[in-house]
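Comments concern the structure below.
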Amino acid sequence: MRLSTYLCIILNIAGASLETYNVLDFWTNLFRPLPRTKKEGFVPDYTPKDGQEYDFIVVGAGSAGCVLANRLSEIPQWKVLLLEAGGNENYFSDIPIFAPFLSITPMNWGYASEPQEKACRDLRGKVCYMPRGKVLGGSSVLNFLIYQRGHPEDYNDWVRMGNNGWSYKEILPYFKKSENIKINDLRNSIYHGVGGYLDIDYSTYSTPLNEAFKKAGEELGYEWNDPNGEKVIGFSKPQATIRNGRRCSTSKAFLEPVRFRRNLKISKYSTVTKILIDPITKVANGVEFVKNGKRKRIFARREVVLAAGTIGSAQLLMLSGIGPEEHLNELGIKSVANLPVGYNLQDHITFSGNAFIVNTTNLCVNDILAASPTSAALYMLGQGPLTIPGGAAGLAFTQTKYGQDLGEGRPDMELVMGAGSLAGDLLGIIRSMLGVTDQWYEEVYGSLPLQDRQNSFALNPILIRPRSVGRVTLRTANFTDQPRIQPNYFNHPDDLLALKEGVRFAQRIINTKAFQRYGTRLHDTPFPNCKNFAFNSEEYWECAIMQTSITLDHQVGTCKMAPSADPTGVVSPRLQVHGIKGLRIADASVMPRIPASHTHAPVVMIAEKAADLIKEDWNMPIQYIPL
């Protein structure tokens, strides 16, 4: 795209209303998918005929579905159909720093939790927004691009739960298989792969704030390390799914290079509403979907593979009669298999809203800088602040006292340093994403001088080993009605205490010499509804955390992987749905326990392994077919 077009888009943003959540039409038009040229990798749309047959039907072209479609279609004699409810990515979604914007576009399913007792209490509607991708590439288009795998023992735990074949030693080759590491210092690492489809790189942009973060870690006794290497605990620069300064989604990585394979068909704007299952033989033989207002049924000779995500896959199973029998009967859905679908919901939650102010300009990134023509020009060269992944400039992993039972070296807390902060959200985009009202923003940051707002950054603690567990249930028997999502954040008391310790960890970081060089201070206007507590007291932070903590969009576990003897399981260690033939699930919903990491990399790994499991079960060679 021409530079002038980028400039027009970004300058349009600069003129947006502060009340962004009241101008949805503006964003809908701005983020309307733009057609890519054949040269740029446009994925052609295909519309199946009613009654048509394929060997494999993959439901959902997200982080897992794109991988599955690529790997299954490596077998030339297999006909593979990929169904996706959304459409194309667009040029704007390529820009890494604008990740927060994408959740207020039509590329998001728009899920929200049920009102939470102990989280999101001061956000609009007192609910937690839960963005999920409705676009080719799925949530790999909406996420903050962070590539992080977790601790080896996270996966060894899966084996200890009865899931043979999922140890770290066994799944590390799948992480490496998909990866094309572009970071020179890591190209020879035994923990990284070269030549895979998915590019992993650093943002090219940095400020003295990045160096301060590194030195602060050293002052506190932490190593600057590779969190995907031998040791997870430490400080680092985010590894991200970036290609030449632009987002490298799974659609770009895995679909676009193989889009003209004759045995692979991709149907966009195709919403699957039901899995077709023979109630007598218990065989899944197809799906029902809607496209262009027309309902069609198509059939699978071998398997239907669900990759619709933790919320979508659970919803589809229950609508199709697979789920808790009592719950399905309440909604008039005939039970086909009584399985605990929707249980075991786990998620990472982060405390947002704090701002740390420095006394030096040009250290932080704000929306005025991001919307500048200079930033747009640099972006065209793969450089500048627009290449920062979701605005994340630094990562730190540590273990609180509440995670000591995990064992030495296993983190339960992550801290993300944002290049900017909520205080600098002058245009209101981040507020819209979080659900923060303009009234809340004005009460907390309204009295702060403009210069201080622009010279601010964030240190957001993330609880990456939560103990609270939630559930997804159906609202009605109609697919168009979103399911009920009850994450139960902070239901376990240790979760709140651990996140509070994460806040103290952030304070220790800003009190180092490295940050005090810039006069770094925490903005101390108390949050609304917490003013009756002394600022910075234990009681204050407990209150504040419950007011504005939000999801990190890492929902997992609703179709838990477990052996058949385990009554809490939905799929086997080979990802086959218990009691149903011809139906497999390969996405974040199968994780029996959430890893201490951002979940995009683990989902890609699951899909890579799932493709090999399918090939093994159908006596096909496991091989890589060159492009």
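The values are calculated or read from the model by the stated rules, or taken from the named source; none is laboratory data. From a predicted model like this one, the values you see are computed outputs, not experimental measurements. Reconstructed Cβ throughout: ideal geometry from the backbone, glycine too, with neighbour counts over all protein chains shown. Just so you know, the surface numbers come from the protein's heavy atoms only, side chains and all, with ligands and any DNA or RNA stripped out. Shrake-Rupley method; radii C 1.70, N 1.55, O 1.52, S 1.80 Å.
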Review point. What percentages, rounded to whole numbers, describe P(r) for the range 526-627 computed over all alpha carbon pairs with 10 Å bin width beginning at zero?
Key: 14, 30, 21, 15, 12, 7, 1
**Study point:** Peptides 379-386, 405-412, 528-535 ordered by average Cβ neighbours within 10 Å, highest first
**Key:** 379-386, 405-412, 528-535
Review point. Amide H to amide H under 5 Å from Met413: which residues, 5+ apart in sequence or cross-chain, H placed 1.01 Å off N in plane?
Key: Thr398, Thr400, Ile464
Review point. How many times 2.2 N^0.38 Å is the alpha carbon radius of gyration of the range 260-343?
Key: 1.17
Exercise for review: Report, as a whole number in µm² per second, the diffusion coefficient that Stokes-Einstein gives for the range 270-396 at 20 °C and 1.002 mPa s using the Kirkwood radius over alpha carbon pairs.
Suggested key: 110
Review point. Quick one: Karplus J couplings for the range 66-74, per residue in order, coefficients 6.51, -1.76, 1.60, θ = phi - 60°, nearest Hz, x for Gly and Pro?
Key: 5, 5, 4, 4, 5, 5, 5, 6, 5
Check your understanding: Could the peptides 388-397, 599-608 be put in order, highest first, of the mean number of other beta-carbon atoms found within 10 Å of their residues?
Key -> 599-608, 388-397
Check your understanding: Can you pull the percent of the range 129-254's accessible area that's carbon plus sulfur, 1.4 Å probe, other chains left in place?
Key -> 47
Exercise for review: Kindly rank 101-110, 484-493, 53-62 from highest to lowest mean number of other beta carbons found within 10 Å of each residue.
Suggested key: 53-62, 101-110, 484-493
Study note, to complete from the structure: Taking the square root of 5λ for each eigenvalue of the C-alpha gyration tensor of the range 568-627, the equivalent ellipsoid has semi-axes, largest first and in whole angstrom, of 21, 18, 7
**Study point:** Accessible surface ranking that places the most exposed of Asp278, Asp226 first, with a 1.4 angstrom probe
**Key:** Asp278, Asp226
Check your understanding: Running Debye on the range 213-256 with equal point scatterers at the Cα sites and no solvent, what base-10 log of I(q)/I(0) appears at q = 0.13, 0.16, 0.20, 0.21 Å⁻¹?
Key -> -0.44, -0.57, -0.70, -0.72
Practice item. For each pair in Lys79/Lys282; Lys49/Lys134; Lys176/Lys513; Lys49/Lys615; Lys134/Lys296; Lys500/Lys609, compute the distance between the two Cα atoms and list the pairs where it is over 31 Å. Key: Lys176/Lys513; Lys500/Lys609
Check your understanding: HN-Hα J couplings of the range 336-353 from phi, Karplus 6.51/-1.76/1.60, θ = phi - 60°, integer Hz, Gly and Pro as x?
Key -> 9, 8, 8, 10, x, 5, x, 6, 6, 5, 10, 7, 8, 10, 10, 8, 10, x
Review point. Do you know the relative contact order of the range 116-181, to the nearest whole percent, from alpha carbon pairs under 8 angstrom that are 6+ apart?
Key: 14
Check your understanding: Under the Karplus relation 6.51 cos²θ - 1.76 cosθ + 1.60, θ = phi - 60°, what is the ordered set of whole-Hz ³J(HN,Hα) values for the range 112-117, x standing for Gly and Pro?
Key -> 9, 6, 5, x, 9, 6
**Study point:** For the chain, calculated [θ]222 nm from helices alone, where every DSSP H run of n ≥ 4 adds -39500 (n - 2.57)
**Key:** -7500 deg cm²/dmol
Review point. FRET efficiency for Asp50 and Glu326, Cβ-Cβ distance as r, R0 = 51 Å, nearest 0.05?
Key: 0.90
Point to revise | Per residue, the convex hull volume that the Cα atoms of the range 349-490 enclose (Å³) | key: 185
Revision key, fill the gap. Applying the gyration tensor rule to the Cα atoms of the range 107-266 (axes a ≥ b ≥ c; rounded if a/c under 1.5, else prolate if a/b exceeds b/c, else oblate), the class is rounded
Study note, to complete from the structure: Under 5 Å from the placed amide H of Ala308, counting only residues 5+ away or on other chains, we find Ser313
Practice item. Using only alpha carbons, build the gyration tensor for the range 159-216 and give me the equivalent ellipsoid semi-axes, biggest first, whole Å. Key: 30, 17, 9
Point to revise | Inter-part distance where the range 40-79 and the range 574-627 are each reduced to a Cα centre, Å | key: 15
**Study point:** Where only alpha carbons of the range 483-556 are counted, the Rg and the Dmax (Å)
**Key:** 14.9, 50
**Study point:** Estimated D of the range 210-311 in µm² per second, where Rh is the Kirkwood radius over Cα pairs and Stokes-Einstein applies at 20 °C, 1.002 mPa s
**Key:** 115
**Study point:** Ratio of the Cα radius of gyration of the chain to 2.2 N^0.38 Å, where N counts its residues
**Key:** 0.91
